[in-house]
1. Name the single residue, out of those in segment B:75-95 being buried (at least 24 other Cβ atoms within 10 Å of the Cβ) and within 15 Å of the chain's Cα centre (by Cα), that is modelled with the highest pLDDT.
2. Hey, can you tell me all the residues within segment B:40-60 that are part of a helix (DSSP H, G or I) and more than 8 Å from every other protein chain (Cβ to nearest Cβ)?
3. Take the conditions crowded, with 24+ Cβ neighbours inside 10 Å and small (Gly, Ala, Ser) and apply them to B:Gly309. Does it pass?
4. Considering only residues that are hydroxyl-bearing (Ser, Thr, Tyr) and closer than 17 Å to B:Val178 by Cβ, look in segment B:96-134 and name the one that is modelled with the lowest pLDDT.
5. On the basis of being assigned to a helix (DSSP H, G or I), over 25 Å from B:Ala211 (Cα atoms) and in contact (Cβ under 8 Å) with a residue 60 or more places away in the chain, does B:Pro137 make the cut?
6. Restricting attention to segment B:323-333, which residues are surrounded by fewer than 19 Cβ atoms within 10 Å (Cβ to Cβ) and within 18 Å of B:Phe189 (Cβ to Cβ)?
7. Scan segment A:31-43 residue by residue and report those that are out of contact with any Cys (no Cβ under 6 Å at 6 or more places or on another chain) and not small (Gly, Ala, Ser).
8. Restricting to segment A:8-34, give me the number of residues that are facing chain B (nearest Cβ under 7 Å) and either without any contact (Cβ under 8 Å) to a residue 60 or more places away in the chain or surrounded by fewer than 21 Cβ atoms within 10 Å (Cβ to Cβ) (or both).
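The values are calculated or read from the model by the stated rules, or taken from the named source; none is laboratory data. What you see is a predicted model; the values in this text were computed from it and never measured. Because the Cβ atoms are built from the backbone with ideal geometry, glycine has one as well, and the counts that use them run over all protein chains shown.
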Amino acid sequence: MNRQTQGALLAILGAVLLTISAFSTTYVNYVKPGFRPLLVGAGAVLVGLGLLSVAQGWLGRPGAHGHAPRVAWLLAAPVFAIAMIAPPALGSFAARLDDGAPAPSRTANYGKLGRGGVTELTLGEFIGRAYAPSGSSLTGRKVRLTGFAVPSKTGWYVTRMRINCCAADAMALEVAVHGVPSPKENTWVQVTGTWIPWKEGVPDDYEPPALTATDVTAIAQPAEPYE
Amino acid sequence: MTQPSTTDPPGQESHAPPPAANDSAGIRLPWAFIALVALLVVGRFVLAPYLTAPALQTWATVFVAVCVQALPFLVFGVALSAAVTAFVPASFWSKALPQRVYAAVPVAGVAGAVLPGCECASVPVASGLMARGVAPPAALAFLLASPAINPVVLVATAVAFPNDPSMVVARFAASLAVAVLAGWIWARFGRGEWLPAPRRTAEAGQSKVNAFLDAMRHDLLHAGGFLVVGALAAATLNVVIPRSWLTAVAGVPVVSVLVLALLAVLLSICSEADAFVAASLTAFSPTAKLAFLVVGPMVDLKLIALQAGTFGRAFTWRFVPLTLALAIGVSFVTGWALR
């Protein structure tokens, strides 16, 4: 690999990073939204360094003629993966791999829910409230949850993945939905309904809480696919 | 590991074209690169419509996520390393660190707390320190300590374990202990020939800026290629291992600790996020979770690949088992002391 090729490889990798972070929002499929400035910075550095290397090579400036190892060609692999597979946000396949046991925050203080109308909740907050030790604040309240559909043997779950850094650490937040037949797998939906209280108190081993749905509406994938 | 074709992901048609000839003859087109772009264009329009299997897409998402998440830290680490090599005089380090290696190791380990980043940044920085004359055991203590005990990681751990501040203390103490012990053992038993000769420093007649750019490009290509190897392996295992297998062994005392230590190696989760994954493994004992948190930032697939690329295989196959054994041992001791 000569210096121009090395530079061009770095520049194209940087250009792909900029494409998914600066010029589109594809990056939210892979990392937390807060990563954007880091990705734009890294992409700009890679493009700049790559173009400088190409220019230096063509101008014949003195410099090290060190040959890059062949493994450096693998830097093209993420470029190919992004261009050809265009990996989407994690969906039902990944949710089924996970056994769905997030650590519900048992100490978080949740405010009271309004008595009338419908309250929008994240799946994480719904699960946290359902597991609150001091009696669930969900009883009798109408809530609206957003997620994608994952059919199971007994029914279906409205599901969303939670990530803390990147998609490699994703875990599934699942709420079982009763009363409405399952939409097509991986369809994004808004589910309106009421929590089904635990039969024998808050369970010791984790199991997904459930809700009785009155309405399920298909929606487009949210701008931020993860919680 | 250096044969790209054996680790190519499915659907990824980049059989590496042979490296082009030296560019000493002046202007010459980068043929290998042009072939790569042609393959990319063909693949984009011919193959892309067929690459839609859910397993493949999930694999690709995790693979791209690991790469995209690690690249900014790698670029930052490489830039810092190149700056250390090009701009900081060697005499600085001999003043900043104690002369005796055994005293320098703990100082370097504690100094790891100031580099806020994950493990991808620390490998090139440690290599840059060695190239600048820092004793290898001290640089290695820095390498092991910095991804585990920096403030960002400790705050993330505190957030992930809100009811359990002792986990933060245990993680800090155990990680620092492993880093210092590994440095001391390397100082006592390590041999110079296991590490590659320090990278060439600035060539005669080369400006500092040029030396900086050359070092940065060299390190990025080297470490970046191996980072991709690690990401390929981590994504594959992430998709192949169902998490439900884990709960089966959660109750067994010693085995559960070893299983979570192994899982930390295989999953290669960034050290800023691993505490959240550990917290979600509710069925496991605190000792097992601690082992996950101590092993992960020091030994994982992407880190092994990065170390092999930066320091060579002779180093890596000795250093990785040493670190892994120390990390598991110290986790057992710390976990026992916590109870």
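1. B:Val75
2. B:Val41, B:Val42, B:Phe45, B:Val46, B:Pro49, B:Tyr50, B:Trp59
3. Numbers: crowded, with 24+ Cβ neighbours inside 10 Å: yes; small (Gly, Ala, Ser): yes.
When the stated conditions are applied, B:Gly309 passes them.
4. In the first step, residues of segment B:96-134 are kept if they are hydroxyl-bearing (Ser, Thr, Tyr); the result is B:102, B:122, B:127.
This time we only want the ones that are closer than 17 Å to B:Val178 by Cβ, so: B:102, B:122.
Values: B:Tyr102: 90, B:Ser122: 84.
Across segment B:96-134, the extreme among qualifying residues is B:Ser122.
5. It is false that B:Pro137 is assigned to a helix (DSSP H, G or I), over 25 Å from B:Ala211 (Cα atoms) and in contact (Cβ under 8 Å) with a residue 60 or more places away in the chain.
6. Hits for segment B:323-333 are B:Ala325, B:Gly329.
7. Within segment A:31-43, A:Lys32, A:Pro33, A:Phe35, A:Arg36, A:Pro37, A:Leu38, A:Leu39, A:Val40 meet the criteria.
8. Residues that pass the stated criteria total 3.
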